[in-house]
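S.K.: Can you keep this structure in mind? I'll have questions shortly.
The values are calculated or read from the model by the stated rules, or taken from the named source; none is laboratory data. All figures in this text were calculated on a predicted structure; none of them were measured in a lab. Every residue, glycine as well, gets a Cβ built from its backbone with ideal geometry; the counts of neighbours run over all protein chains shown. Each accessible area value is taken on the protein alone, full model and side chains, heavy atoms only, with ligands, DNA and RNA left out. Shrake-Rupley method; radii C 1.70, N 1.55, O 1.52, S 1.80 Å.
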Amino acid sequence: MLYNHLKILESEAIYVMREVAAQFERPFLLFSGGKDSIILAHLARKAFYPAAIPFTLLHVDTGHNFPETLAFRDALMEKLGARLVVRYVQDSIDQGRAVEETGPYASRNGLQTVTLLDALAEFKVDAAIGGARRDEEKARAKERFFSHRDEFGQWDPKNQRPELWNLYNGRKKTNENFRVFPISNWTELDVWQYLQMEEIELPSLYFSHERDIINRDGVLLAASDVVYPVAGETVERKVIRFRTIGDMTCTGAVESTASNIHDIVDEVASARVTERGARTDDKRSEAAMEDRKKVGYF
Amino acid sequence: MTDTNQQIELLRFTTAGSVDDGKSTLIGRLLYDSKSIFEDQMEAVERASASRGDAEVDLALLTDGLRAEREQKITIDVAYRYFATPKRKFIIADTPGHIQYTRNMVTGASTAELAIILIDARNGVLTQSKRHGFLATLLRIPHLVVAINKMDLVDYDQAIYDRIVQDYTDFAHKLNVQGVTYIPVSALRGDNVVDKSDKTPWYDGPTLLHHLENVNVGASLNNVDFRYPVQYVIRPNQDFRGYAGQIASGRIAKGEEVVILPSGLSSKVASIVTADGELDAANVGDSVVLTLEDEIDISRGDMIVRRHNLPQKSNRVDAIICWMSEEPMKPRGAYWVQHTTRLVNGFISELNYKIDVDTMHREPADTLKLNEIARVQLTTTQPLYYDRYQLNRTTGSFVLIDPATNNTVAAGMIRSKSRNVDQLREGEVDTAPLRPKSSNVVWEQEGISLAQREERNGHKAAVLWFTGLSGSGKSTIAKKLERRLFTDGVRTMYLDGDNLRHGLNGDLGFSSAARQENIRRAGELAKLSYAHGNVTLACFISPFTADRRFARGLVADGRFLEIFVKCDLDVVKRRDTKGLYAKAIAGEIDNFTGISSPYEEPDNAELVVETDIQSVDEIVEQIINALKERGILPV
């Protein structure tokens, strides 16, 4: 199989990254440890080769990350020779900037926004590169490559700059910033095919393994200190893998025996549920994503 | 599926149509029937439909993204959708079709290689269907599909379909658009979208998806003219200096000689670097890093090109712009011009006219408002290195940015180097800028030669240039001759003053300079037609010897036949088939040949025919014989 479309998408993403490096003074790349941000790091390396990646990588750590994600993150940074800064949701909570949800359904997913915006302000970041894709969710279908945010980090869906041809307008006032999404046009299948084509290493969580699972309203969550069974729920041992890797409190697994990228590509190609379908955060209301984006969520 | 040798291609297309045409439903149908809709998305739509009390599941909900739209049930911004089949990945720029959203259509069209225009079979060709076609043409989308939707509501009536096809074909003809594909569909019922319908046995064309999967991709790319706008300088250490960029058009190979603009310095490509290893050559669309043999100061915004294929250079360009901001245009106000990777200062020095997108009429204007389209002259503080948008979407496009708000306020497409159309009408302009370069254009080598065409056609190519007074009978003879040639299987093309002045030469008046330009364009067109093997019949009054000599010089010796259609002035005045002589004599028309402008009779015409003496049939016979004698037609 010749992935001609992937070469086009790759070139487009590299072009966008180079525009960021050229048009902004303090660009950061948001790194979550998930496959999309791993691809971003990979593309950034390619875009500036043989020079180093001219972006600082930023990880917002909810404190509820899978341990595998963090180990993988540190190894990758070492390999890329990239500069990484980590900011902790726990710090935001301790400083009273964020209030933790309580109860068994508590998630720190929404709190990330506070920590993220604080970090962007701390480093005076003028462009934050993210791995969001337009196919993920309806509200993202209208997102631009260069997404303008006001000084409060907010997104106004009715006041977006038109984006034509490959001309990206990154001009802004002081204190305003941009979110930039180089892989906007990629779908989940493109991502997996690209990971396969480029033989990119991934955290083991993406591949089939046995794990203790709690089935909560149809979402398979990994049992841990922060996710534990409530009345009527049981912990079961299942053969699963994760299609996305986010916070442990809201990232659902799928039952799967796909243990290598080849199997995953085939599985994704025939999947009948979107990858975000396994995330509890989007199910809260029909316009959940749009609401979170408006206040600065990625 | 992962073990075949098939190549997955990428096609970007745009959809235009209003809410009621069922555009969102069509996209929903494409996604649903091509199995690109996931169960949870479908469930969400079913939930939403049920909560609104809809009887049927509304496929349009799959694509209407933002809450405001869901509430108002209209699409308000360009939304991008994705689906794939084993053959292709598709990116849909889903654009709203309301008049106030011209800006969105232009945005969606800027990256599209195909446009689907939806027409409601019950309503036929409406103004907005024409507007969509006009915008698609303006943005140079190479493929146009007209999907005639809601066929189920007209009982799949072929007559209704045929009439819409005919109406739209007439319109497309005026736009000079060719190769429109028409497909009768019902997005709601799924007819001819993904699967062939059994309700339209009279339709033997492709389904919409089949067409999308098979249409030629890359048609909007320019593979000839190498243009490399430098994006970013890569300098990891003292020993390496590379220029990062994406090849806007053409191709480049290691060792080739290049020129850097604007410095004009030249060097050779030392290496083409990528993270996957060095390349021997790179093509349009590739993001690479070039290193050069010489140390030259190059920075972002410079352009690397080939020595013998340079772009145009000017600080004043003639362009069509679409205004995209709520803030109206500030006449002669300062704007940033973002063109390729350069950002320069500029202003709109002249607003020639705005174009009503519904009627395509030109109207005078002092400023531009949101969604208005106009022809302007753009002046920049530093020269732009550009190609005409028609030839190169990347180097021919720009956006204007308001320095006060930093908003993108306009999108522009460069037509040519600026020239003053009014001057042209007044006859004051010198001819130099009217004869733009052609020497820099490198024609594709792998093209089909004239000899090959002539061999297949079974006859030679020629230009038959009919000159003579208005009403002398040029067109009458040429049309009859063309019919005869057509019947004999000869490939022909027919050009005359009227059909050119309605389109190609619509910007020209009747001053001497404008007439000269009219003939220059006619001559160039005849040349292209000739080069494609046609016996080209060109009917132009062409009163001036110098202009006819120019046309003659464009094709090979012996292939240009000047045919002087001679007729006594008194006779043509009496005939006055178009009533023009009466008006000219009354002084209503200036510069009318034979009355207020001279006709220089040819003294070297290959043939002289006299329409006040000979019959049309005799003349046709005389020309056919002359063509045979010269070996242009087989004996």
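S.K.: Taking amide H positions as placed 1.01 Å from N in the peptide plane, with prolines and chain starts having none, which residues 5 or more places from B:G594, or on another chain, fall under 5 Å of its amide H?
M.R.: B:Y599
S.K.: Put +1 on the Cβ of each Lys and Arg and -1 on the Cβ of each Asp and Glu in the protein assembly as shown; which of B:N371, B:I619, A:V265 then has its Cα farthest toward the positive end of the dipole?
M.R.: After comparing all options, I get B:I619.
S.K.: Using a 7 Å offset from Cα along Cα-Cβ at B:A556, what residues in segment B:610-635 end up with backbone N under 17 Å from the label point?
M.R.: What the label zone holds, given the 17 Å backbone N cut-off, is B:627-635.
S.K.: Let me ask something else about it. List the residues whose amide H sits under 5 Å from the amide H of A:L84, counting only those 5 or more places along or on another chain, with H placed 1.01 Å from N in the peptide plane.
M.R.: A:L57
S.K.: Ok, one more. Charges at C-beta only: +1 for Lys and Arg, -1 for Asp and Glu. How large is the resulting dipole of the protein assembly as shown about its Cα centre, in Debye rounded to 20? Could you put the intermediate results ahead of the total?
M.R.: On the way: 116 positive and 134 negative charges, 402 e Å.
The calculation lands at about 1940 debye.
S.K.: Next up: Taking a probe of 1.4 Å and counting only protein heavy atoms, give the total accessible area buried between chains A and B in Å², rounded to the nearest 100.
M.R.: Separately minus together, A and B give about 6300 Å² buried.
S.K.: Let me ask you something else. Residues of segment A:121-137 with accessible area at least 10 Å² lower in the all-protein-chain context than alone (1.4 Å probe)?
M.R.: Residues passing the criterion (a loss of at least 10 Å², heavy atoms only) are A:R134, A:D135.
S.K.: Can you tell me the dipole magnitude for segment B:312-419 around its Cα centre, using point charges on the Cβ only (Lys, Arg +1; Asp, Glu -1), in Debye to the nearest 20?
M.R.: My answer is approximately 560 debye.
S.K.: Further question on the same structure: For a Förster distance of 51 Å, can you work out the FRET efficiency between the beta-carbons of B:I589 and B:T405, rounded to the nearest 0.05? Intermediate values should be presented prior to the final figure.
M.R.: Details: r = 49 Å, r/R0 = 0.96.
About 0.55, to the nearest 0.05.
S.K.: Still on this structure, please answer the following. Hey, if you drop one equal point scatterer on each alpha-carbon of segment A:192-283 and run the Debye formula without solvent, what base-10 log of I(q)/I(0) do you get at q = 0.16 Å⁻¹?
M.R.: -0.64
S.K.: Write out the GluC sites (Glu not before Pro) in segment A:130-179 meeting two conditions: DSSP loop, and at most 15 other Cβ atoms within 10 Å of their Cβ.
M.R.: Values: sites: A:E136, A:E137, A:E143, A:E151, A:E163, A:E176; in loops: A:E136, A:E137, A:E143, A:E151, A:E163, A:E176.
In loop regions of segment A:130-179 (DSSP not H, G, I, E or B), the sparsely surrounded GluC sites (Glu not before Pro) are A:E151, A:E176.
S.K.: Residue farthest toward the positive end of the dipole of segment A:78-130, with Cβ of Lys/Arg at +1 and Asp/Glu at -1: which of A:S107, A:Q90, A:L117?
M.R.: The one lying farthest along the dipole's positive direction is A:L117.
S.K.: Hey, another quick one. Under a 1.4 Å probe, what is the accessible area of the protein assembly as shown per residue, stated in Å²?
M.R.: I get 41 Å² per residue for this part.
S.K.: Let me ask something else. Give A:K138/B:K150; A:K35/A:K79; B:K23/B:K130; A:K79/A:K124 a once-over and call out the pairs whose C-alpha atoms are over 20 Å from each other.
M.R.: Values: A:K138/B:K150 26 Å; A:K35/A:K79 16 Å; B:K23/B:K130 16 Å; A:K79/A:K124 27 Å.
Violating the 20 Å Cα-Cα cut-off are A:K138/B:K150; A:K79/A:K124.
S.K.: Now, a different point. Work through the residues other than B:I632 whose Cβ is under 10 Å from its Cβ and net out their charges, Lys, Arg +1 and Asp, Glu -1.
M.R.: My count for the surroundings of B:I632 gives +2.
S.K.: Are there any residues in segment B:198-237 with a reduction of at least 50 Å² in accessible surface when going from the isolated chain to the assembly of protein chains? Probe 1.4 Å, please list them by number.
M.R.: Hits at the 50 Å² cut-off: B:Q231, B:Y232, B:I234.
S.K.: Then there's this: Identify, among A:L189, B:F550, A:A223, the residue whose Cα sits farthest towards the positive end of the charge dipole of the protein assembly as shown, taking +1 on the Cβ of Lys and Arg and -1 on the Cβ of Asp and Glu, with the dipole about the Cα centre.
M.R.: Value computed over the given set: B:F550.
S.K.: So, one more: Using θ = phi - 60° and the Karplus curve 6.51 cos²θ - 1.76 cosθ + 1.60, what whole-Hz ³J(HN,Hα) does each residue of segment A:258-269 get, with Gly and Pro shown as x?
M.R.: Result, ordered by residue: 6, 10, 9, 4, 4, 5, 5, 4, 5, 5, 5, 4 Hz.
S.K.: Could you tally the net charge around B:R241, taking each other residue with its Cβ under 12 Å from the Cβ of B:R241, Lys/Arg +1 and Asp/Glu -1?
M.R.: -4
S.K.: Suppose R0 equals 30 Å. What FRET efficiency, 1/(1 + (r/R0)^6) with r the Cβ-Cβ distance, do B:R235 and B:S266 give to the nearest 0.05?
M.R.: Details: r = 21 Å, r/R0 = 0.72.
FRET efficiency, B:R235 to B:S266: 0.90.
S.K.: What's the carbon and sulfur percent of chain B's accessible surface, probe 1.4 angstrom, rounded to a whole number?
M.R.: Percent of accessible area from carbon and sulfur atoms in chain B: 47.
S.K.: Rounded, prolate or oblate: which fits segment A:67-111 when a ≥ b ≥ c are the square roots of the eigenvalues of the alpha-carbon gyration tensor, with rounded for a/c under 1.5 and prolate only if a/b beats b/c?
M.R.: Note, shape of segment A:67-111 comes out oblate.
S.K.: In percent, how large is the relative contact order of chain B, given Cα pairs closer than 8 Å and 6 or more residues apart? Could you put the intermediate results ahead of the total?
M.R.: On the way: 1250 pairs, mean separation 54.6, N = 635.
It comes to 9 percent, rounded to a whole number.
S.K.: Tally Lys/Arg at +1 and Asp/Glu at -1 over every other residue whose Cβ is under 11 Å from the Cβ of A:Y88; what's the total?
M.R.: That works out to -2.
S.K.: Are there GluC sites (Glu not before Pro) in segment B:598-635 that DSSP puts in a loop and that have at most 15 other Cβ atoms within 10 Å, and which ones?
M.R.: On the way: sites: B:E600, B:E606, B:E610, B:E618, B:E621, B:E629; in loops: B:E600, B:E606.
Within segment B:598-635, the qualifying GluC sites (Glu not before Pro) (loop, at most 15 other Cβ atoms within 10 Å) are B:E600.
S.K.: Using the crude model of +1 on Lys and Arg Cβ and -1 on Asp and Glu Cβ, and no other charge, please compute the dipole size for chain A relative to its Cα centre, in debye to 20. Write out the running numbers ahead of the final one.
M.R.: Numbers: 40 positive and 47 negative charges, 190 e Å.
So the magnitude is around 920 debye.
S.K.: Quickly estimate the mean residue ellipticity at 222 nm for chain B, helices only: each DSSP H run with n ≥ 4 gives -39500 (n - 2.57), and the total goes over all residues, rounded to 500.
M.R.: Only helices count here, giving -7500 deg cm²/dmol.
S.K.: Which far-off residues, 5 or more places away or on another chain, put their amide H under 5 Å from the one on A:L220, with H placed in the peptide plane?
M.R.: A:A253
S.K.: Quick one: check the C-alpha center-to-center distance for segment A:154-191 versus segment B:95-172, whole angstrom.
M.R.: Each part's Cα centre sits 29 Å from the other's.
S.K.: Next question. Treating only the Cα positions of segment A:113-194 as identical point scatterers, give the base-10 log of I(q)/I(0) from the Debye formula at each q in 0.23 Å⁻¹.
M.R.: -1.18
S.K.: In nm, what is the difference between 0.36 nm times the number of residues separating B:T577 and B:E326 and their Cα-Cα distance?
M.R.: 85.3 nm is the gain from fully extending B:T577 to B:E326.
S.K.: Can you send over the carbon and sulfur percentage of the accessible area for chain A, probe radius 1.4 Å, protein chains only?
M.R.: 49 percent
S.K.: In nm, to one decimal, how far is the modelled label at B:S51 from the one at B:H308, with both set 7 Å along Cα→Cβ?
M.R.: Calculated label separation equals 6.7 nm.
S.K.: Rounded to the nearest 500 deg cm²/dmol, what is the calculated helix-only ellipticity per residue at 222 nm for chain A, with -39500 (n - 2.57) per DSSP H run of length n ≥ 4?
M.R.: -9500 deg cm²/dmol
S.K.: Between B:Y353 and B:D204, what is the spin-label point distance in nm, taking each point 7 Å from the Cα along the Cα→C-beta axis?
M.R.: 4.4 nm
S.K.: Taking 7 Å along the Cα-to-C-beta vector as the label spot, tell me the A:H209-A:D91 distance in nanometres, rounded to one decimal.
M.R.: 2.8 nm
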